[in-house]
Amino acid sequence: MFDRLSALPADPLLGLITMFRDDPNPKKVDLGVGVYRDESGHTPIMTAVQKAAQLHMETEDSKTYIGPGGVIGFVEGIKSLVLGADSSALKDNRVAGLQCPGGCGSLRVASELLVRLKEELTVWVSDPTWANHIPLISSAGLPIKTYPYFDPTTGGVNFEAMEAQLSQLGPKDVVLLHGCCHNPTGADLTFENWKRVAELAAEKGFMPFVDIAYQGLGDGINEDVQGVRYLSEKVEEMIIATSCSKNFGLYRERTGTLLIQTKSSENANAIQTQIQDVARANYSMSPAYGGFIVDRILSDNSLRQEWETELNAMALRVKSLRGGLLEKIQARGIEKDFGFITTQKGMFSYLGISKDQVIRMREEFSIYMADSSRINVAGLNTQCLDYVADALKTVCE
Ligand SMILES: Cc1ncc(COP(=O)(O)O)c(C=O)c1O
């Protein structure tokens, strides 16, 4: 039977990894895959994570199953990290929470929960959005439509067009929003934009579905969730999918949470059983390890301080690379305005060059990026900025 299925085309981003690895050019630069890198191109284990892992190893005395919700302290810690200690929903016990296998697992469990509602829901995603949103949500059985988002002429958000689309929506619509550091564009909503989205959600009745995978990698741990917290106060119900892959560097440990804000603590208790049941039907329960590590970090003052300091340093490194690259580009007098590089947030930027130019960057200069011209800014380093700016000048002329 299996001979009926043919091989699928390689994932374009994963294809870039192989091409990059096999490229003998010593000047090659990898701006493709979205993982944080330090100045030497390494994706480090954060020191707070190393220390928490050591403590965990010394104290864990059993590998028996944990409860169906995951590591409870971890889920509670993430609830406060995202929604803040003053959150009304948290004070009223209106938020169900589940440890999930990464942000992807959270997005998937959320999608299956939505299917259980047996409403004819449509999920609206930004144009463009992170490529994996589409299979994660649609293969759960939900139709997807796009709302206008990125404005290639400014490198920012076309909020007028987005607002016009959201104004047409109603209670059968779910709107996926990137909590911060939009992937792939780096173009974020302003706080004023978030306020308007919250107002529309409350007025039209659509369900906000926030995906937050980069908290702390933009303007700061609290600053990055200002909009999400505002939204949580203004609407009764919402979905939040979080990931610890980037801000704790726990990529391979598959550590995320799904939070469902409901109207009452009774609703939250009911939804808690539903999301646990979705997990049970798919993979039983999440791997616990990453949850134990994050729980330790968030609940220990000194580890938490260390984590925050390191995360801030990572965010600052990305910001300074943005500034550095823009400076080099401007010094070369390239006609195209790349000013958006320093206003976009987080690890990604859309350079706004054509696919042909992206291919020239790769073939002539061994600078690798997605065909869309999304770059992982963290893949740059101070040594390669001149080289990248020179290459950009050549392909933009
Ligand atoms: C926007 C967005 N959401 C969610 C995720 C999920 O990450 P993970 O499943 O590795 O935790 C990512 C990872 O790249 C992302 O960019």
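The values are calculated or read from the model by the stated rules, or taken from the named source; none is laboratory data. Computed from a predicted structure; not experimentally measured. Every residue, glycine as well, gets a Cβ built from its backbone with ideal geometry; the counts of neighbours run over all protein chains shown.
Among the residues of the stretch 78-96, those identified as in contact (Cβ under 8 Å) with a residue 40 or more places away in the chain and either charged (D, E, K, R) or within 16 Å of the ligand (Cβ to nearest atom) (or both) are Ile78, Lys79, Leu81, Val82, Asp92, Arg94. Could you tell me whether the stretch 27-36 includes any residue that is basic (Lys, Arg), farther than 19 Å from Thr309 by Cβ and exposed (fewer than 14 other Cβ atoms within 10 Å of the Cβ)? Taking every residue of the stretch 27-36 in turn, at least one turns out to be basic (Lys, Arg), farther than 19 Å from Thr309 by Cβ and exposed (fewer than 14 other Cβ atoms within 10 Å of the Cβ). Applying the condition of being under 21 Å from the mean Cα position of the chain (by Cα) and farther than 20 Å from Asn25 by Cα to the stretch 349-370 and asking which residue is surrounded by the fewest Cβ atoms within 10 Å (Cβ to Cβ) yields Gly352.
Any residue that is crowded, with 17+ Cβ neighbours inside 10 Å, in contact (Cβ under 8 Å) with a residue 24 or more places away in the chain, more than 15 Å from the ligand (Cβ to nearest atom) and part of a helix (DSSP H, G or I) - is there at least one of those in the stretch 129-140? No: the stretch 129-140 contains no residue that is crowded, with 17+ Cβ neighbours inside 10 Å, in contact (Cβ under 8 Å) with a residue 24 or more places away in the chain, more than 15 Å from the ligand (Cβ to nearest atom) and part of a helix (DSSP H, G or I).
In the set Ala313, Ala279, Ala270, only one residue is crowded, with 19+ Cβ neighbours inside 10 Å and among the hydrophobic types (A, V, I, L, M, F, W, C); that residue is Ala279.
Yes/no matrix, rows are residues, columns are (1) closer than 30 Å to Tyr65 by Cβ; (2) small (Gly, Ala, Ser):
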| site | (1), (2) |
| --- | --- |
| Val294 | yes, no |
| Leu298 | yes, no |
| Ala315 | no, yes |
| Leu325 | no, no |
| Ser349 | no, yes |
| Ser354 | no, yes |
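Condition check for Thr154 on (1) farther than 22 Å from Glu192 by Cβ; (2) surrounded by fewer than 17 Cβ atoms within 10 Å (Cβ to Cβ): one failure, at (1). Note on the stretch 98-128: residues that are away from the ligand (no atom under 11 Å from the Cβ), assigned to a helix (DSSP H, G or I) and crowded, with 24+ Cβ neighbours inside 10 Å amount to 3. Screening Ile260 on (1) touching a residue at least 12 places away in the same chain (Cβ under 8 Å); (2) more than 16 Å from the ligand (Cβ to nearest atom); (3) assigned by TED's automatic domain parsing to the domain that holds Arg229; (4) over 18 Å from the mean Cα position of the chain (by Cα) shows it passes everything except condition (4).
The condition of being of a type outside the set (A, V, I, L, M, F, W, C) and in contact with a helix residue (DSSP H, G or I) (Cβ under 6 Å, 6 or more places away or on another chain) holds for only one of Gly105, Gly41, Gly77, that being Gly77. Take the conditions (1) of a type outside the set (S, T, N, Q); (2) out of contact with any Phe, Trp or Tyr (no Cβ under 7 Å at 6 or more places or on another chain); (3) within 16 Å of the ligand (Cβ to nearest atom); Met46 misses just one of them, which is (2).
Yes or no, residue by residue, for (1) within 16 Å of the ligand (Cβ to nearest atom); (2) closer than 19 Å to Val123 by Cα; (3) β-branched (Val, Ile, Thr):
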| site | (1), (2), (3) |
| --- | --- |
| Gln168 | no, yes, no |
| His178 | yes, yes, no |
| His182 | yes, yes, no |
| Phe206 | no, yes, no |
| Ile221 | no, no, yes |
| Glu233 | no, no, no |
| Glu236 | no, yes, no |
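Among the criteria (1) over 24 Å from Asn222 (Cα atoms); (2) out of contact with any strand residue (DSSP E or B) (no Cβ under 7 Å at 6 or more places or on another chain), the one Met46 does not fulfil is (1).
All conditions but one from (1) closer than 20 Å to Glu192 by Cα; (2) of a type outside the set (Phe, Trp, Tyr); (3) surrounded by fewer than 16 Cβ atoms within 10 Å (Cβ to Cβ) apply to Lys263; the one that does not is (1). For the stretch 8-26, a residue qualifies if it is away from the ligand (no atom under 16 Å from the Cβ), of a type in the set (A, V, I, L, M, F, W, C) and loosely packed, with under 12 Cβ neighbours inside 10 Å, and the qualifying residues are Leu8, Ala10.
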